[in-house]
Amino acid sequence: MQTTRARLGRQLLDARTRAIREPVRCFSASASRGVREPPPPPPKAPQDGTTHFGFETVAEALKEQRVRGVFSSVASSYDSMNDFMSLGIHRLWKDHFVRNLNPGRNPLTSSSAADTQGWNILDIAGGTGDIAFRMLDHASHINNDAHTNVTVADINPDMLAEGKKRSLQTPYARSPRLRFVEANAEKLDMIPDNSIDLYTVAFGIRNFTHKDVALREAFRVLKPGGVFACLEFSKVENPLFNAVYQQWSFNAIPYIGQLVAGDRASYQYLVESIARFPSQEEFSGMIRDAGFLIPGKGYENLTDGIAAIHKGVKPAN
C-alpha cells in the first residue's frame, strides 16, 4: 500500500502537463441598469481574536456558531439552491473533481494483495454526501473496487442528517463503506495519524475559522503519499466576465435564496464568503506552508476561475 500511495503522489506531481481538462459550461446574467455594485470587503484584516464572517468582522468564537446557523437553515435545500445559482454547473465541477482523483484500487491492475484493500477517504464538510456518493460510485463502477470507504465529516448535524437521508437512495446506506461523523475539521481527534489515503473538501473550507489549522490537520491524518484535494469557489480571471459574475452573485443569488429557501441572509453570507476566500495563488501557498508538495502550479481553474481544484501531496518520506 505504501508503494501505491507513493505512486499516486508521483502521478499527481507529474501531472502538470497531463492535467485532464474537460469543457465545462459557464453561466452568466445580464446586469440590469441601476443595480447596485457589491460592497467591497473591509480594508483591514481582523484583529487578534476576531475573524471574518462574510464582510463582517466577528469574534472567532461567534463565527462557528453563525456558520452552523447558516447551514442548518439551508441544509434541506442546499444542493437545489446550488442548481439555481449555477444552472447545474456545480454538478459538472464535482463530476470532474472525482474523475480527476480516480478513487479506488482496481483489483485487476493491483500489484499486490495489500492493494486490494481499497482507499480510506475522508470527505470534510461533506454532510449532504454529494462527493462521497460520487467517490463510491467511481470506485465501484470504474475501478471495480468494492472495498474503498468514505467517512463524511461535517460540523453541522443538520447537514449530516440530510446526507444520511439521501444515502437511503444509494447502495451504501447500510454498508460499512460509508459513515457519517460530526466533527470539526480543525480538530479531528477521532482520525488517527497517517490513516487516510485521500482527504477531500468541496465548497467548505472557505467557511472554516482557521484554514491553516485545518490544513495542518489534513496533513496529519493523511498517509505518506496521500493526497489533499479541495474544490472551492475562487477568483474569476477575465475582468469582463468577473464584472458580470459579481453582479449575478451579489444581486441575483441572495434574491434566489429568498425565493427558494426563504433565507436571503444566509445566501448573502455565502456570496460574501466567496469574495473573502484567498486567490488561487494565495491558497496554493497556504497548502504548501502546511507541508504539502504541490503538483504543477497547484490548482486547476474551472469556468475561468469561478471555481478551482487545489491539490497537495504529503511527502512519502
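The values are calculated or read from the model by the stated rules, or taken from the named source; none is laboratory data. If you're wondering where the values come from, they're calculated on a predicted model, not measured in any experiment. Please note: Cβ atoms are built from the backbone with ideal geometry, for glycine as well, and neighbour counts cover all protein chains shown. Ligands, DNA and RNA are stripped out before the accessible areas are found, and what is left, the full protein with its side chains, is counted by its heavy atoms. Shrake-Rupley method; radii C 1.70, N 1.55, O 1.52, S 1.80 Å.
Residues in segment 105-235 average 38 Å² of solvent-accessible surface per residue, probe 1.4 Å, ligands and nucleic acids excluded.
Here the label points at R216 and S76, each 7 Å from Cα along the C-beta direction, are separated by 4.0 nm in the simple model.
The C-alpha radius of gyration of segment 86-192, expressed as a fraction of 2.2 N^0.38 Å, stands at 1.09. What the Cβ-Cβ distance of D137 and V181 gives, at R0 = 25 Å and to the nearest 0.05, is a FRET efficiency of 0.75.
Spatial offset of segment 222-253 relative to segment 141-217 amounts to 21 Å, using the alpha carbon center of each.
For the peptides 263-269, 151-157, what is the packing order when you average, over each peptide's residues, the other Cβ atoms within 10 Å and list the highest mean first? Don't skip to the end; give the middle numbers.
Working: 263-269: 19.4, 151-157: 22.4.
Output ranking for 263-269, 151-157: 151-157, 263-269.
Please give the peptides 277-284, 94-101 ranked by average Cβ packing (other Cβ atoms within 10 Å per residue), highest first, as a rough proxy for protection.
Numbers: 277-284: 16.6, 94-101: 19.0.
Most protected by this proxy first, the peptides run 94-101, 277-284.
Relative to the present Cα-Cα distance, how much length would full extension add between Q246 and L259 at 0.36 nm per residue of separation? Walk me through the numbers on the way to the answer.
Details: separation 13, 0.36 × 13 = 4.68 nm, distance 1.97 nm.
Between Q246 and L259, full extension yields 2.7 nm more.
When Rg and the Kirkwood Rh are both derived from Cα coordinates, the Rg/Rh ratio for segment 168-317 amounts to 1.02. Here the calculated FRET efficiency for Q117 and T50, from their Cβ-Cβ distance with R0 = 41 Å, stands at 0.35, rounded to the nearest 0.05. Per residue, segment 256-317 exposes an accessible area of 36 Å² to a 1.4 Å probe, with every protein chain left in place. I need the calculated FRET efficiency for the pair D193 and R288, taking r as the beta carbon distance and R₀ as 25 Å, to the nearest 0.05. With a Förster radius of 25 Å, E is 0.75.
Heavy atoms only, probe 1.4 Å: what % of the accessible area of segment 90-246 goes to carbon and sulfur, would you let me know? Don't skip to the answer; put the middle values down first.
Working: 3300 of 6150 Å².
Carbon and sulfur together cover 54 percent of it.
Taking 0.36 nm per residue of separation and subtracting the Cα-Cα distance, full extension of the segment from R276 to H147 would add 42.6 nm. Inter-part distance, segment 285-300 to segment 255-273, computed on C-alpha centroids, equals 32 Å.
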